[in-house]
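Below is one structure, written out as structure tokens; comments come after it.
None of the figures in this text is laboratory data; all of them are computed from the coordinates on show. This structure is a prediction, so every number in the text was calculated from the model and none was measured. Every residue, glycine among them, receives a Cβ derived from its backbone with ideal geometry; neighbour counts consider all protein chains shown.
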Amino acid sequence: MTESSANKPANGDVCHRAINGVKPGRNGFVKNHYLYQQQQQKYCYPEEKVHHVACNGGLYSRPFNESFEETPMLVAVLTYMGYGILTIFGYLRDFLREWKIEKCHIAREREEQKDFVPLYQDFENFYTRNLYMRIRDSWNRPICSVPGAKVDLVERVSHDYNWTFDYTGRVVKDVINMGSYNYLGFAENTGLCAEAAAAVTTKYGVGVSSTRQEMGNLDRHEEMEKLVAKFLGVESAMAFGMGFATNSMNIPALTGKGCLILSDELNHASLVLGARLSGSTIRVFKHNNMQSLEKLLRDAIVHGQPRTHRPWKKILILVEGIYSMEGSIVRLPEVIALKKKYKAYLYLDEAHSIGALGPNGRGVVDYFGLDSRDVDIMMGTFTKSFGAAGGYIGGRKELIDYLRTHSHSAVYATSMSPPVVEQIITSMKCIMGEDGTSVGRERIQQLGENTTYFRRKLQEMGFIIYGNDDSPVVPMMLYMPAKIGAFGREMLKRNIGVVVVGFPATPIIESRARFCISAAHTKEMLDMALSVISEVGDLLQLKYSRHRILPSLDRPFDETTYEENED
């Protein structure tokens with residue numbers, strides 16, 4: 001029986017089995033499909049199914065299903081070979097550039113710059129010059145409409161291998177947007193939110209031109225922060241003008257020298273930067289692996305600080321609600337159990353989960369039915385589900401009062417723009433139902449239905465997708481470097497806008513397309529996107545899964561059936 005963190009006493013008993021040659025993955029679990037059930041439900045599945053069933057001593061009040069299918073061996077080998085071939089040709093092209101044989105001269109230093117420090121180091125920018133530039137047209141596409149369920153793209157072409165772009169003047173209309181973080185569909189230019197933002201702009205203007213501590217503290221800022229605290233179920237909250245800075249500038253205010261930060265290996269760059277800027281000791285645990293986290297916590301308590309062995313001043317655990325590249329959801333009940341057991345602090349980044357998870361849209365805490373007081377620092381952003389900008393931190397009143405005077409982001413940053421604040425207030429009231437309508441709840445339900453439908457259809461088609469069944473972030477594996485750009489281009493040809501991601505944002509052999517599902521997507525839009533994805537998947541041979549779900553309309557959540565693909 002494979003050992004996992006679910007075997008720990010805090011988590012209760014465990015019963016699981018690996019079938020059909022599926023091996024435990026990087027998280028210590030069977031990398032295909034696993035369920036966390038209530039303590040009363042303890043059983044194993046028949047041989048023909050691939051499941052992981054853990055009974056976590058009552059920590060989980062709902063099924064917790066995630067899928068991380070192993071990379072097929074042949075695909076992994078071919079992916080490494082692809083990168084090897086690209087590297088060889090990259091060095092060949094560098095050689096040709098050195099001897100001025102290469103037609104494209106932009107990657108070379110100009111003659112007038114020869115006495116300056118080189119901009120393009122030999123190996124530093126090798127990946128940028130020879131790999132990224134080949135598929136650069138898949139990113140930074142300019143749009144000229146509201147980033148809603150559909151967008152309009154400005155067409156562009158390149159005549160120098162994607163080093164520069166020229167605009168043709170043509171607009172590609174009604175591209176189905178499968179890439180924006182518009183989870184609840186509030187990124188719109190009509191409706192209650194847009195009207196409220198326009199009215200506030202007329203009254204307050206666009207800019208504040210001062211910090212909150214000086215002349216930039218508006219009554220709307222105060223109202224927004226009270227509303228955020230009420231929404232989160234915490235004593236107090238404060239808002240910041242930039243989501244990235246909310247993490248990177250506040251973590252250094254919370255920890256410093258002599259403190260220990262335990263960070264998930266797949267945490268966002270803003271969390272990583274904030275941890276580094278703090279000067280704290282940083283130790284990384286395996287993604288969503290409670291056994292790895294507990295080992296670090298135990299070692300920290302037993303051994304203390306290096307050399308002196310004094311107790312750590314503070315131990316802070318950094319996790320995210322939804323991991324934006326994996327589509328996985330943090331195992332929060334177990335994290336909280338460990339946090340309480342070892343007397344650590346918990347910092348929860350809900351950038352992608354706030355608004356998108358839970359029956360009330362209140363994030364991963366609401367999703368698991370937990371008490372928000374068990375999370376010491378609740379962080380999130382307004383850029384996704386709320387269709388606005390900025391971020392927030394919520395928690396105890398003493399914490400927020402401390403951050404108001406010690407956070408660089410609070411002391412030195414200009415106040416949030418009034419129309420942005422009004423967008424947040426209006427959309428949040430809509431989610432909470434305080435606008436007198438059921439629009440917010442309907443959007444939350446629609447997002448859940450769209451997510452379940454889209455994920456199930458992709459699995460039935462034979463694609464390998466990562467993440468939790470309830471996560472609106474849906475990574476679909478591409479693997480090979482040549483298929484990154486090819487998938488994005490072929491999808492755009494068919495009027496579907498997607499985001500493709502490769503190394504270094506992902507492991508080198510785990511390139512992927514990342515779909516973000518929205519409540520604004522209609523079933524017709526999703527069916528159109530799925531049809532095109534299937535067509536392009538056949539064209540590029542992307543249907544790698546060896547465990548395809550059999551299509552079934554009446555299948556309950558825990559009766560998923562797999563068929564073995566012999567291809």
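Relative contact order of the chain: what whole-number percent is it, with Cα pairs under 8 angstrom and at least 6 residues apart?
Value for the chain: 16 percent.
Can you give the FRET efficiency for residue 414 and residue 87, using 1/(1 + (r/R0)^6), R0 = 45 Å, r = Cβ-Cβ distance, to the nearest 0.05?
With a Förster radius of 45 Å, E is 0.50.
Output wanted: per-residue J couplings in Hz (rounded whole) for region 447-458, from phi through Karplus 6.51 cos²θ - 1.76 cosθ + 1.60, θ = phi - 60°, x for Gly and Pro.
Values, residue by residue: 4, x, 5, 4, 4, 4, 5, 5, 5, 4, 5, 4 Hz.
From largest to smallest, what semi-axes in whole angstrom does region 123-196 give when each is the square root of 5 times an eigenvalue of its alpha carbon gyration tensor?
Each semi-axis is √(5λ); the values are 31, 16, 9 Å.
What is the dipole size for the chain, taken about its Cα centre, with +1 at each Lys and Arg Cβ and -1 at each Asp and Glu Cβ, in debye to the nearest 20?
Here the size comes out at about 1200 debye.
Take the alpha-carbon centre of region 74-108, take the same for region 201-238, and report the distance between them in whole Å.
One Cα centre to the other: 52 Å.
Using 1/(1 + (r/R0)^6) with R0 = 22 angstrom and r between the beta carbons of residue 159 and residue 489, what's the FRET efficiency to the nearest 0.05?
After rounding to 0.05, the efficiency reads 0.85.
Just to be sure I understand: of the beta bridges DSSP finds with both ends in the chain, what percent are antiparallel, rounded to 5?
60
Want the number for residue 276 to residue 402: 0.36 nm per residue separation, take away the alpha-carbon distance, what's left?
My answer for the length gained is 43.3 nm.
Mind ordering 532-545, 390-403 by average Cβ neighbours within 10 Å, highest first?
Going by the mean number of other Cβ atoms within 10 Å, highest first, we get 390-403, 532-545.
Residue 309 to residue 95: extension gain in nm, 0.36 nm per residue of separation minus the Cα-Cα distance?
71.7 nm is the gain from fully extending residue 309 to residue 95.
Can you tell me how much longer the chain between residue 168 and residue 113 gets when fully stretched, taken as 0.36 nm per residue apart minus their C-alpha distance, in nm with one decimal?
Result for the pair: 16.6 nm of gain on full extension.
Could you rank the peptides 142-155, 477-490 by their average count of other C-beta atoms within 10 Å per residue, with the highest value first?
Answer by packing, highest mean first, reads 477-490, 142-155.
What list of ³J(HN,Hα) values in whole Hz, one per residue of region 345-352 in order, does the Karplus curve 6.51 cos²θ - 1.76 cosθ + 1.60 (θ = phi - 60°) give from phi, with Gly and Pro shown as x?
Each residue of region 345-352 in turn: 9, 10, 10, 10, 8, 9, 3, 9 Hz.
Can you pick out the pairs among 493/523; 286/457; 203/429; 341/429 whose Cα atoms lie more than 26 Å from each other?
286/457; 341/429
With +1 assigned to the C-beta of every Lys and Arg and -1 to the C-beta of every Asp and Glu, and no other charges, what is the dipole magnitude of region 390-512 about the Cα centre in debye, to the nearest 20?
In debye, rounded to 20, region 390-512 gives about 400.
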